[in-house]
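Comments concern the structure below.
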Amino acid sequence: MREWALAGVLVAAWPGPAAAQRGSIGPELGVGEYREAASTLRYRGVGPGAAGSFSFHRVNAEGAFVSIRMNPTSGSQATESFRATLIDAWLRWDALDYLGFEVGLTKRSTDSEFAAQSVGAVRIGARTHYLLGPGATIWLRGDYLAGARFSGGGSAPIAMDLGLGLDIRWSSHFRAAAQYSFQRLDRRTNPAGGAEASVPIEQALARVGLAVGF
C-alpha cells in the first residue's frame with residue numbers, strides 16, 4: 001500500500017504537458033531605421049509583422065518577421081525607396097532561472113539591391129530577464145553576428161545585435177510585448193579590387209505586438 005501511495009504522490013507532483021510546454025503567436029507592428037554610415041544613406045519606415053514562440057522545459061524557440069517599406073529620411077543622400085523583409089530566429093537554453101544561452105539567425109532581404117544591402121548572419125549570444133511584478137518581465141539580450149554575408153559582397157568581422165524588451169502577461173492565453181533591437185555590422189569591401197573600404201551598416205527596429213497563448 002505504501003508503494004502505491006508513493007506512486008500516486010509522484011504522479012500528482014509530476015508537471016503535466018501544460019506546465020512543461022507553452023507557446024504563443026500573434027501580429028506585430030514594426031518601426032525600422034536603416035543606414036549605411038559611410039555613404040550617409042538613411043531610411044525609415046513602418047510595416048506589419050508577426051511573432052511566435054514555443055518553450056519546452058528549459059528550451060525556448062522564438063521567431064519573428066516584419067515587412068517594412070523604407071523611405072529616405074530628410075537630409076539623406078538616398079533617393080530610392082525599398083521594401084525590407086526582416087526575419088529573426090532564436091533557440092535558447094535557460095541555464096539559470098534568469099540567464100539563457102542562444103543561437104539563431106538574422107536575415108534582411110530587400111527588393112532593390114541598389115538601394116540597400118541584403119544580409120544574413122548566424123546569432124550566438126545570451127539573454128537575461130528580470131521579473132518586474134506579476135506577469136511583467138523585462139529582458140536584455142546580446143548576440144554576436146557571425147559569418148555575415150552581403151548581397152554586394154564584403155565581410156563583417158565585427159557585428160553585434162543588442163535587444164531590450166518588455167513582456168506583459170494578462171493571462172495564460174493573452175499577452176503583449178514591446179521590444180527594441182539595434183544591429184551594427186562593420187562591413188568591409190574591396191570595390192573593383194581596390195583598397196579596402198569600411199562601410200558600416202546600422203539597423204534599429206522597434207516592435208509592439210499582441211499574442212495568443214496555447
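Considering helices alone, the calculated mean residue ellipticity of the chain at 222 nm is -2000 deg cm²/dmol, with DSSP H runs of length four and up weighted by -39500 (n - 2.57) and normalised per residue.
Within the set of other residues whose C-beta is less than 9 Å from the C-beta of E36, count the net charge using Lys and Arg as +1 and Asp and Glu as -1. Working shown, then result.
Details: positive: R35, R42, R187; negative: E202.
Here the count lands on +2.
Computed over the stretch 128-197, the range of Cα coordinates on each principal axis works out to 58, 19, 15 Å, biggest value leading. Once both labels are positioned 7 Å from their Cα atoms along Cα-to-Cβ, the gap between N71 and V31 label points is 1.5 nm. Charge tally for F101 (other residues, Cβ to Cβ under 9 Å; Lys, Arg +1; Asp, Glu -1): 0. Ligands, DNA and RNA left out, the accessible area of the stretch 74-119 computed with a 1.4 Å probe is 60% carbon and sulfur.
Run through the stretch 79-174 and list the chymotrypsin sites (Phe, Trp or Tyr not before Pro) located in a DSSP loop whose Cβ has at most 16 other Cβ atoms within 10 Å.
Working: sites: F82, W90, W93, Y98, F101, F114, Y130, W139, Y144, F150, W170, F174; in loops: Y98, F114.
Hits after loop and neighbour filter: Y98, F114.
Give me the extension gain from E196 to D111: residue separation times 0.36 nm, minus the current Cα-Cα distance, reported in nm with one decimal.
Details: separation 85, 0.36 × 85 = 30.60 nm, distance 2.68 nm.
Separation in residues times 0.36 nm, less the Cα-Cα distance, equals 27.9 nm.
Relative to the longest principal axis of the chain, what angle (0 to 90°, nearest 10) does the C-alpha long axis of helix 2-13 take? Approximately 30 degrees, to the nearest ten.
If the viscosity is 0.890 mPa s and the temperature 25 °C, what translational diffusion coefficient in µm²/s does Stokes-Einstein give for the stretch 101-144 when Rh comes from Kirkwood over Cα pairs?
Details: Rh = 12.9 Å.
Once the numbers are plugged in, D ends up at 190 µm²/s.
The residues of the stretch 21-114 present an accessible area of 53 Å² per residue when probed at 1.4 Å with all protein chains retained.
On alpha carbon coordinates alone, what is the Rg over Rh value for the stretch 62-144, Rh being the Kirkwood radius? Kindly include the intermediate steps, with their values, before the conclusion.
Numbers: Rg = 16.9 Å, Rh = 15.1 Å.
Result for the stretch 62-144 is an Rg/Rh of 1.12.
Relative to the present Cα-Cα distance, how much length would full extension add between A50 and L96 at 0.36 nm per residue of separation? Intermediate results must be reported in sequence, preceding the final value.
Working: separation 46, 0.36 × 46 = 16.56 nm, distance 2.82 nm.
Extra length available between A50 and L96 comes to 13.7 nm.
Take the Kirkwood radius over Cα pairs of the chain, plug it into Stokes-Einstein at 25 °C and 0.890 mPa s, and you get 129 µm²/s for translational diffusion. Placing a pseudo-label 7 Å from each Cα along the Cα-to-Cβ vector at R83 and Y180 gives an inter-label distance of 2.9 nm.
The values are calculated or read from the model by the stated rules, or taken from the named source; none is laboratory data. Nothing here was measured: the structure is a model prediction, and the numbers come from that model. Cβ atoms come from the backbone with ideal geometry, glycine included; neighbour counts cover every protein chain shown. Accessible surface is based on the protein model in full, side chains and every heavy atom, while ligands, DNA and RNA are left aside. Shrake-Rupley method; radii C 1.70, N 1.55, O 1.52, S 1.80 Å.
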